[in-house]
1. Quick check: the angle from helix 2-42's long axis to the longest principal axis of the chain, C-alpha only, nearest 10 degrees?
2. For Thr245, enumerate residues with amide H under 5 Å from its amide H, sequence gap 5+ or separate chain, H modeled in the peptide plane.
3. Compute the long axis of helix 347-368 from its Cα atoms, compare it with the longest principal axis of the Cα atoms of the chain, and write down the angle in degrees, 0 to 90, nearest 10.
4. In the range 248-360, what percent of the accessible surface is made up of carbon and sulfur (1.4 Å probe, ligands and nucleic acids excluded)?
5. Please calculate the 1.4 Å probe accessible area of Arg195, with all protein chains present, and give it to the nearest 10 Å².
6. For Lys366 and Thr50, calculate 0.36 nm times their separation in residues minus their Cα-Cα distance, and state this gained length in nm to one decimal.
7. Residues of the range 245-362: accessible area per residue at 1.4 Å, in Å²?
8. Report the label-to-label distance for Gln41 and Leu352 in nanometres (one decimal), using points 7 Å from each Cα along the Cα→Cβ vector.
Amino acid sequence: MSKGLGPTGAFAAGVALLIGSWGIAAGSLGGAASYFSDLLQLFGIPATGTVWLVILTVLLGGLATFFTIIGIRMSARVSLVLELISVFIITVLLITSLVWLGPDAWDPTQFSLEGVPFQGIAAGMVLGILGFVGFSSADALGREARNPKTAIPRAIMWSALFVGVLYVFSAYTQIAVLGDELGEVASPLQAINDRIGMPGWFAPILVFGVAASFFAVVVAPLNVVGRIIYVMGKEGVAPERFGRTHETHLTPHRVLLVAGAAAIILDVILLIAGTHPMDIVVWVDTYGTYGYMVAYALVAIAGVVYTRRHGIPNGMVWLCAVVAVVAMAYVFIANVWPVPAFPFNVIPYIFLATMLAAFLRFWWIKANRPEVLARIGHTHTEEMSGIG
């Protein structure tokens, strides 16, 4: 980023990605608590009410933070295994659903946009973009893998293709089975499970799969948060103590403890205020997704500037950048006007206020420590250094 848009652009992209990663982690923690509560109830444990949800939030948030501190390989393996289990279980349910529908499984009306308001599409695209934000984790965390220059592009391209196909297949199947009821149920997958009459033993497996997926999405973004602030600490943008690692695990443990605790505290406050945990998922994830949108748009612009500056043919880069920036701008504007219902009407402004607060720090550094600007965007994380 710094080679394309300079220290200001690099800082903006870093903060936006930081907001996105932490927001997704905090929001997904609400989903993990909700589904683990449902799982316990299926086994006869009355894990209902605010107290139970708060306990589960603290336990799951603490466990996720622990995995990230233990090490990137451990947390990555935990996330990978849980996600593979989840995807397999959900795929079994979706395929079984289409078999259950029989001839009605073919629903050509889904491929038509007739009568679909663009405002609704724009609102849905915020969480739609959320389905693809894991690619940033591959970039941020893959630098510590073997052959990162080969592994990272491969992971990004293949995961984008796989996630895109799975996303469309899942959306199509849910609409085909539930129809208009899809927008009224809190858990579409459980509703499908009940609708098609799956065996009783499958329900706990399904709920565990969804809960495991949410938990994995808490772990992975926390790792990204740790790496971002670690770099900021090394460069002097954040306090220097955040640029140091654990003596044994070589992970930015101070950052992870703060970020994990902040996610837990936010969810606990919302739960005590009477917020449904799945509303926490939607609200906080939406806040986080705005961060990813800004980061992606800035990366697209930086790609154009960098390739032009170095005389690299960039026709396709220009095309992709224009599409990306226009799409992100449209989605953001469409979620501000016409004004949506509360709290979605204030979430974009909370995000902008967070960005402004971060830039107050940047402007202070620019005025008082200008030498720090030259270091922004020039720290690599192939090796976690700075033990202390």
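1. That helix lies at roughly 30 degrees to the long axis.
2. Hits under the 5 Å cutoff: Ile387, Gly388.
3. 10 degrees
4. Details: 4550 of 5750 Å².
Carbon plus sulfur share of accessible area: 79 percent.
5. Here the accessible area works out near 90 Å².
6. Values: separation 316, 0.36 × 316 = 113.76 nm, distance 4.53 nm.
Gain in length upon complete extension: 109.2 nm.
7. Details: 6040 Å² over 118 residues.
I get 51 Å² per residue for the range 245-362.
8. 3.9 nm
The values are calculated or read from the model by the stated rules, or taken from the named source; none is laboratory data. Remember, predicted model here, so these are calculated numbers, not experimental data. So basically every Cβ, Gly included, is an ideal-geometry build from the backbone, and we count neighbours across all protein chains shown. When the accessible area is computed, the model is the full protein with side chains, heavy atoms only, and any ligands, DNA or RNA have been set aside. Shrake-Rupley method; radii C 1.70, N 1.55, O 1.52, S 1.80 Å.
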